[in-house]
Amino acid sequence: MEKTVAILCGLQGSGKSTFYQNFLADTYVRVNLDTLKTRHRERELIEACFSEGRSFAVDNTNPTKEDRKRYLLPAKEQGYRVVGYYLESKLKICIERNALREGKARVPDTAIAATSCKLEIPSYEEGFDELYYVKNDGKTMTVLPWR
């Protein structure tokens, strides 16, 4: 199997973790700051994936080009193919989904709004080998080709 990094992009509540579980969990190591807690641990896991030649998925909001570059450039240097998945991120819907979460899984609405304000739609110019748009109606996720 080709070594691949999947970079998920989208607001909190857009369905990134659900997408990972439903589409990527069988073949990709999950890299997630909520779970790992620190950038240091995140870096260690990514380095381990590189040294073992394992594919991994970055399950963070990754709202800006700069955020995505942190994963994209090292992946390219290591000879990985980089695929981006932009999850439909409508603010009102993401806030509604987030309201259904409990405990630490729920984030403040202001955090979702702040992420929305800085959200930059990914583009091939960033260095992605493939890009997809993930439509999420709350029941079904549909992966569509980038336009």
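The values are calculated or read from the model by the stated rules, or taken from the named source; none is laboratory data. All values reported here derive from a predicted model rather than from experimental measurement. We place every Cβ from the backbone using ideal geometry, glycine too, and count neighbours over all the protein chains shown.
Could you tell me whether segment 106-116 includes any residue that is assigned to a helix (DSSP H, G or I), among the polar types (S, T, N, Q) and under 19 Å from PHE19 (Cβ atoms)?
Taking segment 106-116 and keeping what is assigned to a helix (DSSP H, G or I), we get 109-116.
Those still in the list that are among the polar types (S, T, N, Q) too: 110, 115-116.
The next check asks that each one be under 19 Å from PHE19 (Cβ atoms); those that pass are 115-116.
So far as segment 106-116 goes, yes, one or more of its residues are assigned to a helix (DSSP H, G or I), among the polar types (S, T, N, Q) and under 19 Å from PHE19 (Cβ atoms).
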*Among residues of segment 47-63, those that are over 10 Å from ALA6 (Cβ atoms) and either exposed (fewer than 15 other Cβ atoms within 10 Å of the Cβ) or in contact with a strand residue (DSSP E or B) (Cβ under 6 Å, 6 or more places away or on another chain) (or both), counted*: 8
*What number goes with the only condition from (1) modelled with pLDDT under 95; (2) more than 18 Å from GLY13 (Cβ to Cβ) that LEU91 does not pass?*
(2)
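Give segment 19-37 a look and list any residue that's surrounded by 15 or more Cβ atoms within 10 Å (Cβ to Cβ) and outside any loop (DSSP other than H, G, I, E, B), or say none. Quick ask: steps written out before the conclusion?
So in segment 19-37, the residues surrounded by 15 or more Cβ atoms within 10 Å (Cβ to Cβ) come out as 19-20, 23-24, 28-32, 36.
PHE19, TYR20, PHE23, LEU24, VAL29, ARG30, VAL31, LEU36, listed by residue number.
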_Based on this model, can you work out whether GLU66 counts as modelled with pLDDT of 95 or more, within 15 Å of ILE7 (Cβ to Cβ) and assigned to a helix (DSSP H, G or I)?_
yes
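Any residue at all in segment 1-10 that's assigned to a loop (DSSP other than H, G, I, E, B), modelled with pLDDT under 95 and touching a strand residue (DSSP E or B) at 6+ places or on another chain (Cβ under 6 Å)?
Here is the first cut: in segment 1-10, the residues assigned to a loop (DSSP other than H, G, I, E, B) are 1-3, 10.
Then drop every residue that is not modelled with pLDDT under 95, which leaves 1-2.
Cutting the leftovers down to touching a strand residue (DSSP E or B) at 6+ places or on another chain (Cβ under 6 Å) gives us 2.
The answer is yes; a qualifying residue exists.
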*Answer yes if at least one residue in segment 77-93 is surrounded by fewer than 19 Cβ atoms within 10 Å (Cβ to Cβ), in a helix (DSSP H, G or I) and aliphatic (A, V, I, L, M), and no otherwise.*
yes
